[in-house]
Amino acid sequence: MSNQINDLTHATDDIVIVGAGLAGLFCALKLAPRPVTVISAAPLGEGASTAWAQGGIAAAVAEGDSAEAHAADTVAVGAGLVDETIALGLAREAGARIHDLLRYGVPFDRDLEGRLAVSQEAAHSARRIVHVRGDMAGKAIIAALIDAVRATPSIRVIEGYVAEALLTEGDTVTGLQLRQTADPSAKPHIIASRAVVMATGGIGHLYAVTTNPAEARGLGLAIAARAGAVIADPEFVQFHPTAIMVGRDPAPLATEALRGEGATLINDKGERFMIARHRLAELAPRDVVARGVFAEIATGRGAFLDATASLGSRFAEKFPTVYASCIAANIDPARQPIPVAPAAHYHMGGIAVDARGRTSLRGLWAGGEVSCTGAHGANRLASNSLLEAAVYAARIAEDIDGHDFAARASPPEPTTPRNCAMPPLTEANLRTMMTSHVGVIRDADRLAQAIRTFASLERDTGNIALRNIATTALLVTTSAWARRESRGAHCRSDHPTERPDLAHRTMTTLQAAREIAASLAESPATRSTHPITA
């Protein structure tokens with residue numbers, strides 16, 4: 001198959017996958033030998049959060065463990081919002097997906113007897129994290145999948161193009177509008193398709209402090225919402241408690257597996273501050289640890305991850321990725337504590353999908369972080385994200401294979417915004433406001449200020465890139481404003497406890513978000529105090 005963008009308008013294949021992380025590439029491989037086109041904003045392997053995943057994949061493959069125990073841990077961490085049927089299904093399919101990845105060439109670690117080696121991570125009741133060289137699972141998975149995709153003739157890969165709009169007729173997706181990332185002012189390209197799989201990743205780069213690559217700006221969620229798709233649980237953003245604070249954007253990640261191996265969290269006085277906050281101390285659920293680290297930093301004492309006693313000279317061998325990040329910043333983690341802070345890491349919310357990965361729009365499926373399956377609830381259990389991506393990629397492929405498609409209609413004309421190149425300063429301002437107003441700790445006043453700013457951008461800007469990131473920011477912020485409680489990763493200082501009457505998932509739309517914004521509209525005289533200019 002040709003990999004030229006100009007051939008796409010005449011393509012005979014009907015399946016387009018947007019995104020080239022684990023979900024996108026795994027789905028493409030599962031669909032083979034059916035022709036499929038994969039659209040990647042960056043060169044393969046460079047723009048996907050999967051490649052940055054350090055911990056691994058959660059799977060109950062060790063003796064004495066079970067899918068039921070894995071599901072129970074998932075439910076416990078999810079703060080009352082996990083779909084228990086979905087969680088159990090994921091856990092039961094984990095072994096099969098691990099073996100798929102092994103067949104694609106992923107070199108998971110093994111013990112001396114040749115069995116899959118498993119490690120411990122926070123809030124898991126057993127050692128069940130399958131990994132590669134300690135902290136290199138993501139890189140190894142993506143490398144193996146890229147090799148497999150390159151060797152599969154039925155998969156066409158188009159690199160360097162971003163999806164900026166879904167094209168629809170009624171509630172049916174008929175195609176995509178793409179634009180070249182290297183030349184955002186160029187004429188857009190239109191692809192007609194009867195099946196679109198959205199696998200564009202998360203929203204972390206909407207925040208000023210994040211572990212996510214620049215491509216993770218919520219664009220897939222935005223274009224689905226703008227086409228009318230239902231969005232689920234967007235207020236739940238997981239902040240990884242131990243991003244390495246060495247002045248890099250995105251921030252390098254100190255994997256949770258370090259704490260599983262005995263690393264402790266200390267302040268500048270050398271005190272272990274998590275002991276007083278939770279019975280599991282450093283191995284408490286991520287939301288608890290993130291708030292603990294945030295609070296310690298807010299007091300001025302700082303937060304540090306100390307592996308000098310637990311790993312010491314073994315650090316470089318056990319965790320080479322973290323070690324390299326520290327050494328590059330002149331920190332020797334074998335001998336020095338690592339400065340850390342919470343960073344936007346994973347979005348539990350996303351495009352609402354059913355158990356087959358179908359969205360509320362016909363012809364649109366979603367998998368991986370851009371989707372919301374109900375498996376994570378209000379707080380994701382460590383290393384469940386890669387598992388969910390693989391399981392749903394396989395389910396989507398199976399569903400599409402068995403789907404009876406109607407005759408393909410011609411896509412409508414492209415969207416024609418006034419300007420497509422997003423000024424960097426504008427994006428920086430939005431990211432700053434997301435961190436300061438929609439971050440680890442939230443309150444009504446700051447959320448309302450952010451809503452007014454994002455709603456104005458979403459409504460008035462002629463810049464399609466800015467409009468899309470403002471759309472996702474508005475969805476996250478309005479749902480955070482509406483959920484007047486603290487639950488899982490969503491913490492409201494003005495509503496610090498859980499409310500039993502709110503123990504249900506959020507289902508929303510862009511129209512509903514706009515209505516909330518309209519109810520909070522402020523006068524022109526005060527609106528200028530929160531500017532993010534287009």
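If you average the alpha carbon positions of the stretch 253-301 and of the stretch 311-352, how far apart do those two centres end up, in angstrom? Here the answer is 14 Å between Cα centres.
Mind checking which of 511, 48, 172 is farthest towards the positive end of the chain's charge dipole, using Cβ charges of +1 (Lys, Arg) and -1 (Asp, Glu) about the Cα centre? About the Cα centre, the residue reaching furthest to the positive side is 511.
Select from the stretch 272-344 those trypsin sites (Lys or Arg not before Pro) which occupy a DSSP coil region and have at most 12 other Cβ atoms within 10 Å, ordered by residue number. Please list the in-between numbers first.
Values: sites: 272, 277, 279, 286, 291, 301, 314, 318, 335; in loops: 277, 279, 301, 335.
Here the trypsin sites (Lys or Arg not before Pro) that fit, given the DSSP loop and packing criteria, are 279, 335.
With contacts taken as Cα pairs under 8 Å at a separation of at least 6 residues, the stretch 418-527 carries a relative contact order of 29 percent. Annotation: lysines with alpha-carbon distance below 23 angstrom to residue 187 (same-chain offsets under eight excluded): none found. Select one label from (1) 1.17; (2) 0.95; (3) 1.15: the one whose number is Rg/Rh (Cα atoms, Kirkwood Rh) as derived from the coordinates shown. Entry (2). Fewest-first ordering of 73, 404, 443, 183 by other beta carbons within 10 Å of each residue's beta carbon gives 404, 183, 443, 73. Per residue, the chain reaches -10000 deg cm²/dmol at 222 nm when only DSSP H runs of four or more residues are counted, each adding -39500 (n - 2.57). Under the simplified labelling scheme, the residue 279-residue 151 pair shows an inter-label distance of 4.9 nm, with each label point 7 Å from Cα along Cα→Cβ. The modelled label-to-label distance between residue 497 and residue 301, using points 7 Å beyond Cα along the C-beta direction, is 2.7 nm. Annotation for the stretch 82-113: GluC sites (Glu not before Pro) lying in DSSP loop with at most 14 further Cβ atoms inside 10 Å of their Cβ are 113.
Rank the residues 118, 370, 173, 75 as a footprinting-exposure proxy: fewest other Cβ atoms within 10 Å of their Cβ go first. Please list the in-between numbers first.
Numbers: 118 24, 370 30, 173 27, 75 19.
Lowest to highest Cβ neighbour count: 75, 118, 173, 370.
Taking the inverse of the mean 1/r over every pair of distinct Cα atoms in the stretch 418-527 gives a Kirkwood hydrodynamic radius of 14.5 Å. The lysines within cross-link reach of residue 30, meaning a Cα-to-Cα straight distance under 28 Å and a gap of 8 or more places when in the same chain, are 139. I'd like the distance separating the alpha-carbon centroids of the stretch 446-470 and the stretch 172-232, in whole Å. One Cα centre to the other: 16 Å.
In terms of its Cα atoms, the stretch 300-375 spans 55, 33, 22 Å along the principal axes, sorted from long to short.
Taken one residue at a time, the phi angles of the stretch 166-171 give Karplus couplings (6.51, -1.76, 1.60, θ = phi - 60°) of 8, 9, 9, 10, x, 9 Hz. Gly and Pro are set to x.
Bear in mind that the values in this text are calculations on the coordinates, not laboratory data. This is a predicted model, so every value here is computed, not measured. Glycine gets a Cβ as well: all are built from the backbone with ideal geometry, and neighbour counts include every protein chain shown.
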